[in-house]
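J.: Once you've had a glance at the structure underneath, I'll fire off some questions.
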Amino acid sequence: MPLTKKTENAWSSRPAFLLAAIGGAVGLGNLWRFPYIAGEYGGGAFVLVYLGFVFLLGTPLMAGELLMGRRGHRSPISSISSLIREEDASPFWNAIGWISTLVPFLGLSYYAVVAAWAIDYLSLAAGNNFNGFDAVSSANTFNTRIDQPVYQGSLHALFIAATVWVVANGINRGIERATKILMPALFAVILIIVGYGMFAGDFAGAARFLFNPDFESLTGESILVALGQALFSLGIGVGLMITYSAYMSNEYSLRTSAIFICVGDTFAALLAGFAIFPIVFASGLDPAQGAGLIFVTLPIGFGNMPAGQIIGTLFFVLLLFAAFTSAIGMLEPVVAWLEEKYPGGRKKVAVLTGCIIWIVGLGSVFSFSFMSDFQPLSLFGIERNFFGIVDFTVANVLAPINAFLIALFAGWVLRQTVIDQEFDEASSRWKSYWRLTNRYFAPVALIIIFLDLVTA
């Protein structure tokens, strides 16, 4: 039988849950990473492969995480522990709960660094500082701005403080209330920018780039990157969905919820492409600019296009909104677990967690200034600074491992009776596909991704 649901901290409605979950999934992975990855790997063919992976693998994996969270109705650590007892499984599987808490903790520490850049660039855009930018001046500006440890550390603290304030107020008065405002605003802003691109940018060129596939450009590497981006964008293995689904009603369809979240997240990624690439093409810029596409390449376009000050300001507002909704979802798993340990002390544990994350994150902030040459693992042949180590560990090691474990647990440990209870509205064909995906397809794909990432 399903475990007893906590009576406090439940989503007020299914739309509220979906908005929060989509907000947690939609982040820098959609608005920053997806466009530049698509640009690097040729556009249309890459996008089609990416979409295929989202719905063929991402949806079943997403549904599995939602199942575990709702079944446990607690923090990831406690939910997985409860499921282990229910299934009489090995304590080894507790690793899922711990990784699902560690990943968002470490992830937020460096994620907030990029969010701080977004705050900084929002002020630059609003002040019309991109006017007349070229490649050299834009690159110099970026390098100069991130090489300001006190300033960037302050913005980093501001972003984390705002995240703490929302999470400290709980599910209904904090996270739900914030996402009900932020998510409609996010999509409204991105649609305004897309509309601008239709009239002032090269919208037709962007459409051809994103949806006119050149399958000859596909390589094994690009297919692998598309698979990794699909899972990264959806937030598979990072603990967010297990946490948010703990507050779900048993009346919500897990399959339908997973589909809605995947559709919402993918829609945001595609809209990001249509917001960015018309400006890139209209300005004669190269879409394959890598990670610098947002902070180096786009400001050139904003500085040399009509109404660039307004559109640039809106764009970085959009980027900040997306980062904020994801950050809220990253902080909640840690706070939820600590709240279980210290009942009634949510505000205190949220503040304490935020302070610790900020302190840890200072290593990432300083990685772009006086700690840029500090490589703490160089003795082991790992030539990365602090930011690079945390980023690689979270995105390339812990998250794929956790997704792999979640797939195996869902596919092999959960009893068929549990699956039938939780997916009671789904057809037997879909449940069979879900089981096969978690047992075989997803683990094999994740092993391939992991081996490629750690050997790159």
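The values are calculated or read from the model by the stated rules, or taken from the named source; none is laboratory data. Not measured: the values here are computed from a predicted model. Ideal geometry is used to build each Cβ from the backbone, glycine not excepted, and the neighbour counts take in all protein chains shown.
J.: Identify the single condition in (1) touching a residue at least 24 places away in the same chain (Cβ under 8 Å); (2) of a type outside the set (Gly, Ala, Ser); (3) in a helix (DSSP H, G or I); (4) closer than 27 Å to PHE105 by Cα that VAL263 does not satisfy, given that it satisfies every other one.
T.: (1)
J.: Right, next: From the list ALA275, ALA258, ALA327, ALA288, pick out the single residue that is under 30 Å from VAL103 (Cβ atoms), at pLDDT below 95, part of a helix (DSSP H, G or I) and among the small types (Gly, Ala, Ser).
T.: Numbers: ALA258 fails: at pLDDT below 95; ALA327 fails: at pLDDT below 95; ALA288 fails: part of a helix (DSSP H, G or I).
Of ALA275, ALA258, ALA327, ALA288, the one residue that is under 30 Å from VAL103 (Cβ atoms), at pLDDT below 95, part of a helix (DSSP H, G or I) and among the small types (Gly, Ala, Ser) is ALA275.
J.: Restricting to segment 193-248, give me the number of residues that are more than 19 Å from ALA395 (Cβ to Cβ), of a type in the set (S, T, N, Q) and surrounded by fewer than 23 Cβ atoms within 10 Å (Cβ to Cβ).
T.: 3
J.: Could you list all residues from segment 340-352 that are surrounded by fewer than 24 Cβ atoms within 10 Å (Cβ to Cβ) and either modelled with pLDDT under 90 or within 30 Å of ILE236 (Cβ to Cβ) (or both)? Spell out how you get there, then give the answer.
T.: In the first step, residues of segment 340-352 are kept if they are surrounded by fewer than 24 Cβ atoms within 10 Å (Cβ to Cβ); the result is 340-349, 351-352.
Passing the criteria: GLU340, LYS341, TYR342, PRO343, GLY344, GLY345, ARG346, VAL349, VAL351, LEU352.
J.: Let me ask something else about it. Please work out which residue is nearest to the chain's Cα centre (by Cα), limiting yourself to segment 397-417 and to residues that are touching a residue at least 40 places away in the same chain (Cβ under 8 Å), under 22 Å from MET248 (Cβ atoms) and surrounded by fewer than 19 Cβ atoms within 10 Å (Cβ to Cβ).
T.: Result: VAL413.
J.: Can I ask one more? Go through segment 216-238 and give me each residue that's assigned to a helix (DSSP H, G or I) and closer than 14 Å to GLY52 by Cβ.
T.: Going through segment 216-238, the residues assigned to a helix (DSSP H, G or I) turn out to be 216-217, 220-234.
Result: SER222, ILE223, LEU224, VAL225, ALA226, LEU227, GLY228, GLN229, ALA230, LEU231, SER233, LEU234.
J.: Tell me, which helices (runs of 4 or more DSSP H) wholly within segment 1-115 include 2 or more residues that are among the charged types (D, E, K, R)? Walk me through how you get there before you give the answer.
T.: Values: elements: 14-25, 34-40, 44-53, 59-72, 76-87.
Output list reads 59-72, 76-87.
J.: Scan segment 61-80 residue by residue and report those that are touching a Gly at 6+ places or on another chain (Cβ under 6 Å) and hydroxyl-bearing (Ser, Thr, Tyr).
T.: Filtering segment 61-80 for residues touching a Gly at 6+ places or on another chain (Cβ under 6 Å) gives 76-77, 79-80.
The answer is SER79, and nothing else.
J.: Do we find that PRO278 is surrounded by 24 or more Cβ atoms within 10 Å (Cβ to Cβ) and in contact with an Asp or Glu (Cβ under 6 Å, 6 or more places away or on another chain) in this structure?
T.: On the way: surrounded by 24 or more Cβ atoms within 10 Å (Cβ to Cβ): yes; in contact with an Asp or Glu (Cβ under 6 Å, 6 or more places away or on another chain): yes.
So PRO278 fits the description; yes.
J.: Output yes when any residue across segment 379-396 is more than 23 Å from LEU453 (Cα to Cα), modelled with pLDDT of 90 or more and buried (at least 19 other Cβ atoms within 10 Å of the Cβ), and no when none is. I'd like the intermediate steps shown before the answer.
T.: Within segment 379-396, the first condition is being more than 23 Å from LEU453 (Cα to Cα), and the residues that meet it are none.
No; the residues of segment 379-396 include none that is more than 23 Å from LEU453 (Cα to Cα), modelled with pLDDT of 90 or more and buried (at least 19 other Cβ atoms within 10 Å of the Cβ).
J.: What pairs come out if I take residues in segment 28-39 that are closer than 20 Å to PHE187 by Cβ and pair them with residues that are not in a helix (DSSP H, G or I) whose C-beta lies under 6 Å away, six or more apart or interchain?
T.: TRP32/ILE294
J.: Determine, yes or no, whether GLU425 is over 25 Å from LEU28 (Cβ atoms), modelled with pLDDT under 90 and among the charged types (D, E, K, R). Before you say what the answer is, go through the steps one by one.
T.: Details: over 25 Å from LEU28 (Cβ atoms): yes; modelled with pLDDT under 90: yes; among the charged types (D, E, K, R): yes.
Yes, satisfied.
J.: With respect to LEU182, is the statement that it is in contact (Cβ under 8 Å) with a residue 24 or more places away in the chain, buried (at least 16 other Cβ atoms within 10 Å of the Cβ) and part of a helix (DSSP H, G or I) true?
T.: Details: in contact (Cβ under 8 Å) with a residue 24 or more places away in the chain: yes; buried (at least 16 other Cβ atoms within 10 Å of the Cβ): yes; part of a helix (DSSP H, G or I): yes.
When the stated conditions are applied, LEU182 passes them.
J.: If you go through segment 368-381 one residue at a time, do you hit one that is in a helix (DSSP H, G or I), touching a residue at least 40 places away in the same chain (Cβ under 8 Å) and in contact with a helix residue (DSSP H, G or I) (Cβ under 6 Å, 6 or more places away or on another chain)? Please lay out each step first, then the result.
T.: Residues of segment 368-381 that are in a helix (DSSP H, G or I), as a first pass: 368, 378-380.
Among the residues that remain, those that are also touching a residue at least 40 places away in the same chain (Cβ under 8 Å) are: 368.
So of that shortlist, the ones also in contact with a helix residue (DSSP H, G or I) (Cβ under 6 Å, 6 or more places away or on another chain) come out as 368.
Among the residues of segment 368-381, at least one is in a helix (DSSP H, G or I), touching a residue at least 40 places away in the same chain (Cβ under 8 Å) and in contact with a helix residue (DSSP H, G or I) (Cβ under 6 Å, 6 or more places away or on another chain), which makes the answer yes.
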